[in-house]
Amino acid sequence: NDVTFVGRVEGSNPVFAMADLFVLPGLGGLALRQAMAFGNSMICSETDRTERDSAIEGFNGIIETGDVEPLAGAIENLVTDGERFRKMGWESLKFVNGKYNFRNMVCEFSKAVHSVCIPVKIEITEHL
C-alpha cells in the first residue's frame with residue numbers, strides 16, 4: 001500500500017530491487033530493461049516506439065499515451081489485480097533473461113564484427 005515516487009536516481013539497482021512496479025512516463029528504454037531484470041511489472045508511455053522492444057502490451061507491461069489520466073488508470077487497474085500484477089513482473093524477468101543475456105550479447109557482437117570484416121590476405125616477404 002506504500003507508494004514512493006523516487007524521481008531521477010543514480011545507481012538505481014537498489015530502487016529496482018525494492019520496487020514492484022516501474023512507471024516510465026517518458027523516454028528511457030534502457031530503464032525499462034533494468035526494471036525487467038528485477039522482475040518489475042511496467043507501465044510506460046509510448047514515445048519513440050523503442051519501448052516496444054521491452055514492454056509487450058498485456059504480457060509484461062502496459063503502454064499508454066503518456067497523458068495523466070490513462071497512466072493513472074493503468075496503475076490503478078494493475079495494482080488492484082494482484083495475479084496479473086505478479087504475472088507481468090515474472091514475465092518481465094523471464095523475457096529479459098532470455099533476450100538480453102551475456103550469450104546473446106556475445107553472439108550479436110560477433111555477428112556485427114563479422115559483417116564488417118573483409119578477409120585480407122597478408123604476404124610476408126624476406127628482405128636480404
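Computed from the coordinates by the stated procedures, all read-outs in this text should not be read as laboratory data. Quick caveat: nothing in here was measured; it's all calculated off a predicted structure. Glycine gets a Cβ as well: all are built from the backbone with ideal geometry, and neighbour counts include every protein chain shown.
Could you calculate, for the range 1-96, the ratio of the Cα radius of gyration to the Kirkwood radius, expressed as Rg to Rh? For the range 1-96, the value is 0.92.
Under 5 Å from the amide H of Phe22 lie the amide H atoms of Ser41, Met42, Ile43, each residue being 5 or more positions distant or on a separate chain, with H modelled from the backbone and absent for Pro and chain starts. The simple spin-label model puts a point 7 Å past each Cα toward its Cβ; for Arg103 and Asp48 those points are separated by 3.1 nm.
Can you tell me which of 59-65, 41-47, 6-12 comes out highest on packing, and rank the rest after it, using the mean Cβ neighbours within 10 Å? Write down the numbers at each step before the final one.
Numbers: 59-65: 20.0, 41-47: 21.6, 6-12: 8.0.
Top to bottom by mean Cβ count within 10 Å: 41-47, 59-65, 6-12.
One chain, two ends: Glu57 and Val3. Fully extended at 0.36 nm per residue, the span grows by 17.1 nm beyond their Cα-Cα distance.
Stretching Asn13 away from Trp90 to a fully extended chain increases their span by 26.0 nm, per 0.36 nm per residue minus the current alpha-carbon distance. Count Lys and Arg as plus one, Asp and Glu as minus one, and take only other residues whose Cβ is under 14 Å from that of Arg84; the net charge is then -4.
When the chain is fully extended, how far beyond the present Cα-Cα distance does Glu76 get from Leu21, taking 0.36 nm per residue of separation? Intermediate values should be presented prior to the final figure.
Numbers: separation 55, 0.36 × 55 = 19.80 nm, distance 1.14 nm.
Here the segment from Glu76 to Leu21 would lengthen by 18.7 nm.
Near Leu93: Cβ cut-off under 13 Å, other residues only, Lys/Arg at +1 and Asp/Glu at -1. The net charge is +3.
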